[in-house]
1. Answer yes or no: is there a residue in the range 360-370 that is crowded, with 18+ Cβ neighbours inside 10 Å, assigned to a helix (DSSP H, G or I), touching a helix residue (DSSP H, G or I) at 6+ places or on another chain (Cβ under 9 Å) and modelled with pLDDT of 75 or more.
2. Yes or no: residue 322 over 20 Å from residue 355 (Cβ atoms) and either surrounded by fewer than 22 Cβ atoms within 10 Å (Cβ to Cβ) or at pLDDT below 85 (or both)?
3. List the number of the failed condition for residue 156; all other conditions in (1) within 28 Å of residue 209 (Cβ to Cβ); (2) touching a residue at least 60 places away in the same chain (Cβ under 8 Å); (3) buried (at least 19 other Cβ atoms within 10 Å of the Cβ) hold.
4. Hey, does the range 69-79 have a residue that's free of Cβ contacts under 8 Å to residues at least 40 places away in the same chain, closer than 22 Å to residue 184 by Cα and surrounded by fewer than 22 Cβ atoms within 10 Å (Cβ to Cβ)?
5. Since residue 348 meets every condition but one in (1) in contact (Cβ under 8 Å) with a residue 24 or more places away in the chain; (2) in a loop (DSSP other than H, G, I, E, B); (3) touching a strand residue (DSSP E or B) at 6+ places or on another chain (Cβ under 9 Å), which condition does it not meet?
6. Kindly indicate whether residue 233 is in a loop (DSSP other than H, G, I, E, B) and at pLDDT 50 or above.
7. So, of the residues in the range 186-208 that are part of a loop (DSSP other than H, G, I, E, B) and surrounded by fewer than 16 Cβ atoms within 10 Å (Cβ to Cβ), which turns out to be modelled with the lowest pLDDT?
8. Identify all residues within the range 371-393 that are closer than 18 Å to residue 294 by Cα and either touching a helix residue (DSSP H, G or I) at 6+ places or on another chain (Cβ under 6 Å) or free of Cβ contacts under 8 Å to residues at least 24 places away in the same chain (or both); write none if there are none.
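The values are calculated or read from the model by the stated rules, or taken from the named source; none is laboratory data. What you see is a predicted model, and the numbers here were worked out from it, not measured in a lab. Note: ideal-geometry Cβ built from the backbone for every residue, glycine included; neighbour counts use all protein chains shown.
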């Protein structure tokens, strides 16, 4: 898209910013639960982050979307266009022809959640030069997963002048009631708004109803506890681990057999990114996204590791999962050990066994000839043992609250210690107190992974950590005079 769009059209239309709230992967602000019926909710579907960001920024008249954002991120950003309150849900990867089934259903679900109670306009960002039969099939598959009536709300937007007519693109435009907007240098946001308003008018102001949306997933309410795991319950599975290739491999194996049901159960499959590669804020965001999208909660976390000695990355990822989710995850996690040869033995080395035991000891070897149905039998037994209980958003937030309460209790004890030390006026003990306090902050804050150095005595954070752990193990002591 021409970079001059924003400046050239800045004065052509009253475009006012009201918020920029990136709602990664299904997260919402409190205001999202109380939708304003005058909102104009627009979903941008494309296959290029830069293209989607450019169109979104053009509509809002500001740099609301990052052209270098990860392609799997779905964002919701709002602004005011003339007298309309506009909300844009931006999904830059849904029209990629190589998108996997579970990735598509996961992203569609995020778009539906973020456009609640429903979108007014679906914008397909397509290209004259790059619109093939494969692209047409992808568009149809994605749109059908939203709703049967989605074409009543859909339009096509292109950003480049055609060198020749593309028959496939024309067929897609015809299915969208010939609604096509060509974005060029002389275009203004108001021109595009006019087409949005025409779509709203044709549909009598009604938004798209996605209650029946998708032949690929059903958002249905299920009981969180049953005496026996019923085959009518949808399985919410979350695949996690540090190895992207292994996670994608098992996800593909499962989704290939889950067009409707697998072993009698409907399947909802989500993939959690490697947590050790994310910032603390992004870790919490991704986990909340994942758990909140699984209604009424996650039945099973599949932690994928290779059948080999655990490396530092795998170990760090497992420790991070334990730290974030707490021991409450143990009832809902199965460690899946991926074997690349049928000749590998089903034996664990001592370190691997120890790490698996920290998650409750439940594990399963998955080899080249292992049937997915066999894995499902093990999962079913696990669910029956849990009596249908799930790891819900409430479960996760309760664990975080307990951590906070423990921290506040430690703060109270530190405050009491501070009072006693200051009353003694002993500089050495005051120094020791503030050292401990800094350690407490290190232990609970998100900056613990940085490489900053403490100013106390020239020691590094790691040196203080070792001293602190030795102190807790009884290898040192602090004496306080009465």
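1. no
2. no
3. Residue 156 satisfies all of (1) within 28 Å of residue 209 (Cβ to Cβ); (2) touching a residue at least 60 places away in the same chain (Cβ under 8 Å); (3) buried (at least 19 other Cβ atoms within 10 Å of the Cβ) except (2).
4. no
5. Going through the list (1) in contact (Cβ under 8 Å) with a residue 24 or more places away in the chain; (2) in a loop (DSSP other than H, G, I, E, B); (3) touching a strand residue (DSSP E or B) at 6+ places or on another chain (Cβ under 9 Å), residue 348 breaks only (1).
6. Taking the combined requirement at face value, the residue satisfies it.
7. Residue satisfying both the conditions and the ranking: 186.
8. If the condition is that a residue be closer than 18 Å to residue 294 by Cα and either touching a helix residue (DSSP H, G or I) at 6+ places or on another chain (Cβ under 6 Å) or free of Cβ contacts under 8 Å to residues at least 24 places away in the same chain (or both), then 386, 391, 393 are the ones that fit.
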